[in-house]
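**Student:** Let me give you the structure first, and then I'll get to my questions.
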Amino acid sequence: MSKLNYNAVTIKVEGTDYEFHTLNDWSAYVQNSDCIGDPVQYTRYIEIPGRNGLLDVSEVISGRQIYTSRPLKIVLAGIREKADWDSVISDFRNKINGRICQFIFDNDPGYFWRGRVAIKNFSSVLSRGSFEIDIPTADPYKYAINSSTDPWLWDPFNFETGVITYIGAITIVGSGSITLPHGYMATSPDIIVSNKTSGTFTVTYDGDTYELNVGKNRIPSIIVGGDEDVTLTFTGNARVEIVYRSGSL
């Protein structure tokens, strides 16, 4: 089977060094085209006596849409000796069943999906076998392979849908600003401070100023990667890294 003719998926088991490519390592290709289910949006409505309709308060806290999860179902199929299939499915279960895994599809190599796995519906007819990798509550967004501190690569970057978030470490002397690009998934970044030589080192976001300590800082009210570019202004003397990972529905 040619990798060019079949979609396959790289599976990485979180918390381990184990990863494999279903076609190259197991001769198993993705059989279904509906692997990615619809995201589940958080909604909340309040019934108010005397009011026509329900009051939609789904975005009152966050100010934006929130998605809780989405289902993924990957049907893998392959051809091998019929007597081998029982050991193959057993090996898959031993390695990934019940574990949190990352999934990188060959036809979308710039992103990975993430969720807890269940192996289901194994069947074999003669030499052909198939089974499902079921992830009923996967994370709603797919995550970019590269974070904001990883230099972006031509391959696998998608110039139509990708967002370049690479920033790298920046030395601030006195003051300086960093503009972070808009995207599709809002998130709170880690702000890592090192080599601080001033008494205080602060960041200003949306009119509010926060003091930063040496090491990792996460300020929940600082949100990047949403619908608008975000500018962070730093004051003091230090080296700073802004670490986050973009995502897409």
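**Student:** Among the strands (runs of 3 or more DSSP E) contained in the range 1-79, which hold 3 or more residues that are within 23 Å of the chain's Cα centre (by Cα) and closer than 13 Å to I133 by Cα?
**Tutor:** 9-13, 67-79
**Student:** Out of curiosity, is D38 charged (D, E, K, R) and under 27 Å from D86 (Cα atoms)? Before you say what the answer is, go through the steps one by one.
**Tutor:** Values: charged (D, E, K, R): yes; under 27 Å from D86 (Cα atoms): no.
Considered against the rule, which asks whether it is charged (D, E, K, R) and under 27 Å from D86 (Cα atoms), D38 comes out as no.
**Student:** Can you pull out the residues in the range 198-249 that are surrounded by fewer than 17 Cβ atoms within 10 Å (Cβ to Cβ), of a type in the set (V, I, T) and part of a loop (DSSP other than H, G, I, E, B)?
**Tutor:** Result: T200, V214, I219.
**Student:** Scanning the range 52-75 for residues that are hydrophobic (A, V, I, L, M, F, W, C) and touching a residue at least 60 places away in the same chain (Cβ under 8 Å), which turns out surrounded by the most Cβ atoms within 10 Å (Cβ to Cβ)?
**Tutor:** I74
**Student:** To continue, here is another question. Check off (1) in a helix (DSSP H, G or I); (2) within 17 Å of D38 (Cα to Cα) for P140 and give me the number that stays unchecked.
**Tutor:** Condition (1) is where P140 drops out.
**Student:** Kindly list the number of the only condition in (1) more than 21 Å from F131 (Cβ to Cβ); (2) not in a strand (DSSP E or B) that fails for S87.
**Tutor:** It fails just one condition, (1).
**Student:** May I pose another question? Mind checking which pairs have a first residue in the range 38-51 that is under 22 Å from Y67 (Cα atoms) and at pLDDT 90 or above and a second that is polar (S, T, N, Q) and assigned to a loop (DSSP other than H, G, I, E, B), Cβ under 9 Å, 6 or more apart or different chains?
**Tutor:** Pairs that qualify, where the first residue is under 22 Å from Y67 (Cα atoms) and at pLDDT 90 or above and the partner is polar (S, T, N, Q) and assigned to a loop (DSSP other than H, G, I, E, B), are Q41/S58; Q41/Q65; Y42/S58; Y42/S62; Y42/Q65; T43/S58; R44/S58; Y45/S58.
The values are calculated or read from the model by the stated rules, or taken from the named source; none is laboratory data. Note that this is a predicted model, so its numbers are computed, not measured. Please note: Cβ atoms are built from the backbone with ideal geometry, for glycine as well, and neighbour counts cover all protein chains shown.
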